[in-house]
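One structure is given here, and the rest of the page talks about it.
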Amino acid sequence: MEAYGIAHELVPKAWSKSGNNPSAYRINVDQTDHAAVIESKPGAEAYLSEADFCTLMQAIDASDYRGKRTRLRCQIKSVGVSGGVTPWFRVDGPAGSSRFENLERSQIAGPINGNTDWTIRTIVFDVPEDAVALNFGFYLKGSGRGLARAIELTEVSNSIPLNMPDSGVLRKPTNLDFSA
């Protein structure tokens, strides 16, 4: 066993590994916590920046989710993480990406780093009628070990709020005269 306990890589069935520097990371499954694990390879900490990342993701057909409010929910955990661990969710339409969220702009429920226990994160979107694919997963930025478990992608009631208020995107033009 090497640092953080993973001596080999095992990408779980139906998932794929991606990112801007995926060769600096390993994917595996923690059977004790029933969790997927992304960790920086031993020695990679010396050259990884907080902008480097690796993701474990799925891309699925959007047909079953079109016209529905959809929530991605999971538990995430960080061990010695320098940049952050967070889920992400993207909706692709016929012309490309139409919605994307990774909680990085969230002041309340954003990425976690350092050493944290299991933390629930959610992303909620209204999936457009012309959606083609849903892409989702979690990523580790920088070095350390990020874990995710209990991932759910489900239709939810319209009473469940969208992520927009905490994402930095306003619902309407605001303070246009700079008086506030």
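The values are calculated or read from the model by the stated rules, or taken from the named source; none is laboratory data. Everything numeric here is computed off the predicted structure, so don't read it as measured data. All Cβ positions, glycine included, derive from the backbone under ideal geometry; neighbour counts span all protein chains shown. Side chains included, ligands, DNA and RNA excluded: accessible areas come from the protein's heavy atoms. Shrake-Rupley method; radii C 1.70, N 1.55, O 1.52, S 1.80 Å.
If Lys and Arg each add +1 and Asp and Glu each add -1, what is the summed charge of the other residues whose beta carbon sits under 10 Å from the beta carbon of Gly19? Result for the neighbourhood of Gly19: +1.
Over the chain, give the accessible area per residue in Å² for a 1.4 Å probe, as an integer.
Numbers: 9360 Å² over 180 residues.
Per residue, the chain has 52 Å² of solvent-accessible surface.
If every alpha-carbon in the chain counts as one equal scatterer, what log10 I(q)/I(0) does Debye give at q = 0.12 1/Å? Scattering profile of the chain, log10 relative to I(0): -0.58.
Taking packing as the residue-averaged number of other Cβ atoms within 10 angstrom, the listed peptides 40-48, 154-162, 70-78, 11-19 run from highest to lowest as 70-78, 40-48, 11-19, 154-162.
Under a Cβ-only charge scheme (Lys and Arg +1, Asp and Glu -1), can you give me the dipole magnitude of the chain about the Cα centre, in debye to the nearest 20?
On the way: 19 positive and 21 negative charges, 34 e Å.
For the chain, the charge dipole is close to 160 debye.
A straight line joining the Cα centroids of the range 80-121 and the range 123-163 runs 8 Å. Amide H contacts for Asn21 (H built 1.01 Å from N in the peptide plane; partners 5 or more residues away or on another chain; cut-off under 5 Å): Phe53. Listed values for the range 66-76 are Karplus-derived 3J(HN,Hα) couplings in whole Hz (6.51 cos²θ - 1.76 cosθ + 1.60, θ = phi - 60°), namely 4, x, 10, 6, 10, 10, 9, 9, 7, 9, 10, and x replaces Gly and Pro.
Measure off, as a whole percent, the carbon and sulfur share of the 1.4 Å-probe accessible area of the chain, all protein chains present.
Numbers: 4820 of 9360 Å².
About 51 percent, which is the carbon plus sulfur part of the accessible surface.
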